[in-house]
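Quick notes on the structure that follows.
The values are calculated or read from the model by the stated rules, or taken from the named source; none is laboratory data. Remember, predicted model here, so these are calculated numbers, not experimental data. With ideal geometry, Cβ positions are generated from the backbone for all residues, glycine too; neighbour counts draw on all protein chains shown. Heads up: the accessible areas ignore ligands, DNA and RNA and are worked out on the full protein's heavy atoms, side chains in. Shrake-Rupley method; radii C 1.70, N 1.55, O 1.52, S 1.80 Å.
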Amino acid sequence: MTNETRKGDWMQTYTGRQFWPMDPRPEDVAIEDIAHALSHQCRYAGHCRRFYSVAEHSILVSSQLPPELRLWGLLHDASEAYLVDVPRPVKPYLTGYREAEDRVMRAICERFDLPPEMPAAVKRVDNAILADEKAALMGPEPAEWHLPEPPLGIRIVFMAPPEATHYFMEEFKFLMAKAWS
């Protein structure tokens, strides 16, 4: 495939694939790339006491959901593997970012046979985990956080990237095996 047939330019992924973030296709998505990239990205733009990866966050979100939603929970931030983790207060001001994120998530959902709309329960758990993350990761508050949900009571392990990649892949394999059984 040549660049003339795709929008934008491509990036090389961890596994050596070409991925067009502005023109994503399901066949270009690889779970190994997602697991690796998310395990190397720190939440909160790195503004936390210890390294805490998007991959570990995703594993924890998945663990708090009913079985039928766990894969969506694991992959809810998968677009960040190709676009990076942008802090919530910044996203609305990046022209075109939400659209790019939506395109990448549609390709991911199609690749892994997920409904294209994030389930409300996944959004709720993603919001609730903020309270647990705040308690474990942040220093003194400059101002009160107005969190949408109470804490879940989860424990953050602070996995190193290789460990987070491993557990992300194990969770994915487990969920895919359950889907086919």
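Would you mind finding the one in P140, P87 that is closer than 30 Å to K7 by Cα and assigned to a loop (DSSP other than H, G, I, E, B)? Full working, then the answer.
Working: P140 fails: closer than 30 Å to K7 by Cα.
The unique qualifying residue is P87.
Here is the figure for region 1-21: residues that are surrounded by 15 or more Cβ atoms within 10 Å (Cβ to Cβ) and modelled with pLDDT of 95 or more total 7. Considering only residues in region 37-71 that are of a type in the set (S, T, N, Q) and not in a helix (DSSP H, G or I), the one that is farthest from I154 (Cα to Cα) turns out to be Q41. For region 58-115, a residue qualifies if it is basic (K, R), open to solvent by 50 Å² or more (accessible area, probe 1.4 Å) and either modelled with pLDDT under 95 or touching a strand residue (DSSP E or B) at 6+ places or on another chain (Cβ under 6 Å) (or both), and the qualifying residues are R88, R98.
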